[in-house]
1. Quick one: length gained pulling SER59 to GLU172 fully straight, 0.36 nm per residue minus the C-alpha distance?
2. So how do 93-102, 58-67, 71-80 stack up, highest first, on mean other-Cβ count within 10 Å?
3. Using R₀ = 45 Å, calculate the FRET efficiency as 1/(1 + (r/R₀)^6) where r is the Cβ-Cβ separation of ASN263 and SER116; round to 0.05.
4. Just to check I understand the Karplus step: with θ = phi - 60° and J = 6.51 cos²θ - 1.76 cosθ + 1.60, what whole-Hz values come out for the stretch 79-94, glycine and proline as x?
5. How high is the relative contact order of the stretch 4-296, in percent, with contacts defined as C-alpha pairs under 8 Å that are six or more residues apart?
6. Ranking request for peptides 287-296, 224-233: highest mean number of other beta-carbon atoms within 10 Å first, then the rest in descending order.
7. What are the principal axis extents of the Cα atoms in the stretch 4-296, in Å, biggest first?
8. Going Cα to Cα from LYS142, which lysines come in below 23 Å? Please leave out same-chain ones fewer than 8 positions away.
Amino acid sequence: MRMSFFFTAALVAAALFCGGEALADAEGGWHTAQYGDLTVTALSDSTGSMPYTLFFDISSGDFAELAKAGGAPSGSEVPSWINAFLVKKGEQLFLVDTGMGAGPGIAPLISAAGYSPEQVTHVLVTHFHGDHIGGLLDKDGKPAFPNAELFAPRRDEEYFIPQSGPGVNGTELAKKVTDPYRAAGKYQSFEPGAQIAPGVMSSSLWGHTPGHSGFAFESSRGPFLCWGDIVHAYLIQFARPEVTLSYDVDRPGAAATRRKVFNEAADGRWLVAGAHLPFPAMGQVLRKNGGFAWSPYQSPAADAPAPPADGAPAPPADDSPAPAAPSE
Ligand SMILES: [Zn+2]
């Protein structure tokens with residue numbers, strides 16, 4: 001199954017990365033940053049490694065060189081992360097992706113960050129792979145975010161949820177975890193580019209999956225894009241955007257979309273967040289040596305206490321230069 005690596009990785013991640021940096025455990029697995037009027041909290045679901053054998057469009061020698069240059073302990077695998085993001089915009093609390101749902105999942109992290117799962121108003125899933133939708137239900141099989149409306153890309157719904165007979169196009173997980181939201185009247189599928197809420201747009205980033213989508217949030221500092229799986233292996237794919245993975249449903253499409261988004265994000269100096277970037281997984285795309293590079297976001301509010309549970313906005317504490325407007 002497509003995400004079996006991640007299920008394995010979640011179990012053995014600690015063993016694989018015990019010699020590396022403190023990754024998922026930084027700040028107890030959550031990290032809040034202020035970006036203009038948005039309060040963004042990264043949630044670390046789990047960490048793991050990705051072996052060279054998952055990758056296409058790169059030689060083992062080039063892979064090893066990039067991995068080692070980035071500090072990976074071995075040239076045959078690179079680290080990866082599974083993150084979800086809470087975005088507080090006005091009175092609304094958006095959760096982008098839900099992790100794998102293995103072990104305690106992200107609910108304790110949401111609580112530790114000063115919110116509750118019941119406060120989430122919108123759950124937005126970038127696509128229907130298990131490391132993004134696995135946390136939609138609680139241990140009793142009920143919606144883990146009972147007051148939220150779930151938004152999912154229609155093209156992934158069509159691809160992943162069998163319309164007739166079991167197993168068409170792969171996983172039945174997508175149906176299992178979305179059905180309780182449907183039954184509660186809290187499920188909506190959206191078309192590419194559809195508005196989710198005022199100031200929150202979906203953006204088609206197809207290729208990794210047919211409906212793979214980003215979510216662009218307007219803020220007083222400029223655009224913030226949660227881009228899902230545009231990058232799985234940051235040590236490899238910023239330098240070499242053409243590198244794809246066996247998880248990509250349409251590998252040339254995934255590579256083309258990655259390069260397009262890199263260019264747009266670099267030109268627009270967008271703040272971006274990625275499901276598999278190094279926690280806390282927020283930053284900017286820079287141009288470097290004909291390719292691209294990742295620059296983690298340094299939020300002046302990074303050390304501020306968690307937002308209060310009553311939902312009062314955190315004070316703006318961000319005085320670094322605002323980014324340019326989107327290049328469109
Ligand atoms: Zn993923």
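1. Gain in length upon complete extension: 37.3 nm.
2. The packing order, highest mean first, is 93-102, 71-80, 58-67.
3. Between ASN263 and SER116 the formula returns 0.70.
4. x, 9, 10, 10, 10, 10, 9, 9, 10, 8, 10, x, 8, 9, 10, 9
5. It rounds to 16 percent for the stretch 4-296.
6. Sorting 287-296, 224-233 by mean packing, highest first, produces 224-233, 287-296.
7. 51, 47, 35
8. Cα-Cα hits under 23 Å: LYS175, LYS176, LYS186.
None of the figures in this text is laboratory data; all of them are computed from the coordinates on show. These numbers were taken from a predicted model, which means no experiment stands behind them. As a convention, Cβ positions derive from the backbone with ideal geometry for all residues, glycine included, and neighbour counts pool all protein chains shown.
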